[in-house]
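Participant: Take a look at this one; I'll ask things after.
Read the figures in this text as sums done on the coordinates, not as results from a lab. These numbers were taken from a predicted model, which means no experiment stands behind them. Cβ placement follows ideal geometry from the backbone for every residue including glycine, while neighbour counts extend to all protein chains displayed.
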Amino acid sequence: MFISALDLFKIGIGPSSSHTVGPMLAARTFLEKIPTIGLQKNSRVRCTLKGSLAYTGKGHATDRAIMLGLHDYSPQDLTGLDVDVLVIELSSKTHLSSLKSCRFDPVVDIIFDRQEALPQHPNGMKFEFLGEGDQSLLTETYFSIGGGFIRDLNDIGNLVAPLQMESALACPFSFGSGHNMLKMSSDSGKSIASMKRTNEREYLSKNDLDQGLDNIWQAMQTCVENGLKTEGALPGSLNLSRRAKKLHDQLLVNPEDANVTDWLCAYAMAVSEENAAGHMVVTAPTNGAAGVIPAILYYLVTHQGGTLEQIREFLLVASAIGGIIKMRSSISGAEVGCQGEVGSASSMAAAALCAVRGGTTEQIENAAEIALEHHLGMTCDPVHGLVQVPCVERNGFGAIKAYTAASLAKRGTGQHYMSLDNCLAAMKQTGLEMSHKFKETSLGGLAVSNTEC
């Protein structure tokens with residue numbers, strides 16, 4: 001199967017790809033179906049959130065996302081807007097913007113149902129178009145499966161991981177595992193970036209691919225720099241102060257005392273704070289882990305003179321590894337915990353950094369495995385359901401582990417005991433056996449360990 005780099009990396013808004021971006025897309029998809037069955041007098045729309053979406057949806061702005069989607073907004077539409085002002089404006093409306101005869105009150109018509117989760121996936125949501133006397137005219141169930149990807153009830157049972165992608169039959173290098181990636185690289189003599197680019201060119205022109213990769217990098221760069229110049233408290237009940245700007249300012253005053261971990265934390269936390277504020281970020285591969293890959297890339301460019309071609313190579317290799325992770329395991333915190341979010345991002349970043357440093361295919365696969373291995377078992381337990389504690393700092397540590405993994409792999413031969421595929425199998429099994437309390441429900445771990453005096 002094939003997943004494009006331009007689908008894995010998506011420009012949108014925070015704070016969560018699975019709880020904000022996915023539900024917004026689902027709501028907009030449902031909105032588009034309503035006119036096909038005909039509008040009726042006194043009709044309305046209702047949305048019921050299930051599982052993790054119900055437990056942490058408030059802190060992850062899922063209700064805002066549903067409202068925006070039903071008012072015909074997509075995540076890309078919001079990147080240049082003041083979303084807080086827009087939400088206030090839409091909250092006062094009693095009918096949908098594009099369907100004036102259809103009532104919608106987010107306070108009443110968005111239901112956080114904390115009963116049994118849907119069996120197909122922990123991030124489920126049911127949309128209903130109701131007529132006179134609440135007669136059901138149209139019902140659709142969607143699942144937000146991580147990274148801003150959504151699936152409906154009909155196709156989720158037939159997907160891998162579950163994931164729907166383009167057929168890889170047209171791709172010359174259709175690797176869906178680390179093993180196949182290594183073999184195809186050895187047989188063809190091509191690098192991972194070269195194989196990934198060849199696959200992408202089956203669907204995109206050279207110009208469209210390069211422009212898309214450049215747009216992703218520009219968005220990442222903008223997000224880092226916005227976070228480095230913004231102060232104040234993050235939204236939500238924790239009243240948590242931003243820290244990235246103060247940290248970065250200290251480093252600029254005494255750069256001789258700064259090391260790579262300091263810079264990486266500043267860059268990763270800057271992005272993570274922008275995400276927590278609901279601002280523009282790139283899912284990489286999720287919003288909760290959006291700071292890891294931009295931090296490594298920004299450091300590469302700012303401190304090590306990384307070129308445009310290296311940036312493109314970096315993103316191609318990162319997306320190749322991300323595609324394997326998504327196919328063989330998961331990038332959803334609600335499905336496998338934070339090992340699938342920050343762990344996946346760190347693995348992707350490690351492989352990509354190793355690649356642009358001239359690593360062999362074996363060393364690159366090793367780097368991906370090292371970074372992922374040292375995130376196994378990591379829970380997703382956001383305090384108060386907000387993507388702030390431990391998420392902001394965790395992005396910094398994910399970047400540090402990625403940098404360390406790339407360095408270790410590059411200094412090795414590429415030969416190692418545990419393969420990336422075996423590590424992914426362990427992550428998937430760990431996620432299956434992990435209690436739902438530790439998978440983005442805020443019912444366990446740090447989320448229930450903080451006390452107030």
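Participant: Could you give log10 I(q)/I(0) at q = 0.11, 0.12, 0.19, 0.21 Å⁻¹ for the range 228-311, computed by the Debye formula over C-alpha point scatterers of equal weight, without solvent?
Facilitator: Taken in order of the listed q values, log10 I(q)/I(0) reads -0.31, -0.37, -0.87, -1.02.
Participant: Can you pull the one-decimal nm distance between simple spin-label points at Asp72 and Ser237, each 7 Å off the Cα toward Cβ?
Facilitator: Each label point is offset 7 Å from its Cα along the Cβ direction, giving 3.6 nm.
Participant: Go ahead and run the numbers for FRET between Lys93 and Glu140, Cβ-Cβ distance against an R0 of 30 Å, rounding to 0.05.
Facilitator: Working: r = 22 Å, r/R0 = 0.74.
For R0 = 30 Å, the calculated efficiency reads 0.85.
Participant: Taking 2.2 N^0.38 Å as the expected size of a compact globular protein, what ratio does the Cα radius of gyration of the range 206-262 give against it, to two decimals? Could the numbers behind the result be given before it?
Facilitator: Numbers: Rg = 15.8 Å, N = 57, 2.2 N^0.38 = 10.2 Å.
The reported ratio for this selection is 1.55.
Participant: To continue, here is another question. Helix 342-356 against the longest principal axis of the chain: what's the angle in degrees, Cα atoms only, rounded to the nearest 10?
Facilitator: Taking Cα atoms only, the helix is inclined about 40 degrees.
Participant: So, one more: Quick check: residue separation of Ala170 and Glu225 times 0.36 nm, minus the Cα distance between them. What number comes out in nm? Please list the in-between numbers first.
Facilitator: Numbers: separation 55, 0.36 × 55 = 19.80 nm, distance 3.91 nm.
Extra length available between Ala170 and Glu225 comes to 15.9 nm.
Participant: Consider all pairwise Cα distances in the range 13-158 and report the whole-number % of them above 21 Å.
Facilitator: When all Cα pairs of the range 13-158 are counted, 38 percent exceed 21 Å.
Participant: Return the subset of Lys58/Lys100; Lys229/Lys401; Lys41/Lys93; Lys50/Lys326; Lys401/Lys437 for which the Cα-Cα distance in this structure is over 20 Å, preserving the input order. Numbers along the way, then the final one.
Facilitator: Values: Lys58/Lys100 27 Å; Lys229/Lys401 25 Å; Lys41/Lys93 18 Å; Lys50/Lys326 23 Å; Lys401/Lys437 26 Å.
Distance filter (> 20 Å) returns Lys58/Lys100; Lys229/Lys401; Lys50/Lys326; Lys401/Lys437.
Participant: Quick one: if you take sqrt(5λ) for each eigenvalue of the C-alpha gyration tensor of the range 297-428, what semi-axes come out, biggest first, whole angstrom? Working shown, then result.
Facilitator: Values: eigenvalues 109, 64, 29 Å².
Taking √(5λ) for each eigenvalue gives 23, 18, 12 Å, largest first.
Participant: Now for a different question. With a/c under 1.5 counting as rounded, go ahead and sort the chain into rounded, prolate or oblate using the C-alpha gyration tensor (a ≥ b ≥ c being the square roots of the eigenvalues; past the cut-off, prolate if a/b is larger than b/c, else oblate). Could the numbers behind the result be given before it?
Facilitator: Values: a/c = 1.73, a/b = 1.40, b/c = 1.23.
Taking the square roots of the gyration eigenvalues as a ≥ b ≥ c, the chain is prolate.
Participant: Would you mind working out the magnitude of the charge dipole of the range 13-158 relative to its Cα centre, with +1 at each Lys and Arg C-beta and -1 at each Asp and Glu C-beta, to the nearest 20 Debye? Walk me through the intermediate numbers first.
Facilitator: Working: 14 positive and 17 negative charges, 27 e Å.
Charge dipole, the range 13-158, about its Cα centre: 120 debye, nearest 20.
Participant: Shifting gears a bit: I need the peptides 92-98, 29-35 ranked by packing, meaning the mean over residues of other C-beta atoms within 10 angstrom, with the highest value on top.
Facilitator: 29-35, 92-98
Participant: Please list, in chain and number order, the residues 5+ apart from Leu240 or on another chain whose amide H is under 5 Å from its amide H, with Hs placed from the backbone.
Facilitator: For Leu240, whose amide H was placed from the backbone, the distant partners under 5 Å are Leu234.
Participant: To the nearest 20 debye, what is the magnitude of the charge dipole of the chain about its Cα centre, counting +1 on the Cβ of each Lys and Arg and -1 on the Cβ of each Asp and Glu?
Facilitator: Working: 37 positive and 47 negative charges, 53 e Å.
The dipole of the chain has a size of about 260 debye.
Participant: Given H placed 1.01 Å from N in the peptide plane, which residues other than close sequence neighbours of Ile110 have an amide H under 5 Å from its amide H?
Facilitator: The list, which skips near neighbours in sequence, is Cys47.
Participant: Give the relative contact order (percent, whole number) for the chain; include only Cα pairs under 8 Å separated by 6+ residues. Before the final figure, lay out the partial values.
Facilitator: Numbers: 944 pairs, mean separation 86.1, N = 453.
Across the chain, relative contact order equals 19 percent.
Participant: Would you please give the FRET efficiency between Asn154 and Thr198, computed as 1/(1 + (r/R0)^6) with r the Cβ-Cβ distance and R0 = 25 Å, to the nearest 0.05?
Facilitator: About 0.15, to the nearest 0.05.
Participant: Then there is this: If I model a spin label as a point 7 Å beyond the Cα along the Cα-Cβ vector, how far apart are those points for Asp257 and Thr36 in nm?
Facilitator: 6.2 nm
Participant: Rounded if a/c is under 1.5, else prolate if a/b beats b/c, else oblate: with a ≥ b ≥ c from the C-alpha gyration tensor eigenvalues square-rooted, which is the range 256-374? Numbers along the way, then the final one.
Facilitator: Working: a/c = 1.64, a/b = 1.06, b/c = 1.55.
Oblate is the answer for the range 256-374, as a/c is 1.5 or above yet b/c matches or exceeds a/b.
Participant: Something else about it: With a 10 Å radius around each residue's Cβ, average the other Cβ atoms per peptide and rank 45-51, 175-181, 210-216, highest first. Each step should come with its number before you reach the end.
Facilitator: Working: 45-51: 23.6, 175-181: 19.3, 210-216: 17.7.
The peptides rank, most packed first, as 45-51, 175-181, 210-216.
Participant: Any chance you could run the full-extension gain for Asn207 through Asp113? It's 0.36 nm times the residue separation minus the Cα-Cα distance, nm to one decimal.
Facilitator: On the way: separation 94, 0.36 × 94 = 33.84 nm, distance 4.61 nm.
Once the chain is fully extended between Asn207 and Asp113, it gains 29.2 nm.
Participant: Further, regarding this structure: Round to a whole angstrom and tell me the spacing of the C-alpha centers of the range 205-273 and the range 289-331.
Facilitator: Going from one Cα centre to the other spans 15 Å.
Participant: Tell me, Phe129, Phe112 in order of fewest to most beta-carbon neighbours within 10 Å?
Facilitator: Working: Phe129 23, Phe112 16.
Ordered from fewest to most neighbouring Cβ atoms within 10 Å, Phe129, Phe112 come out as Phe112, Phe129.
Participant: Karplus couplings for the range 290-295 from phi (6.51 cos²θ - 1.76 cosθ + 1.60, θ = phi - 60°), rounded to Hz, Gly and Pro as x?
Facilitator: 5, x, 5, 5, x, 5
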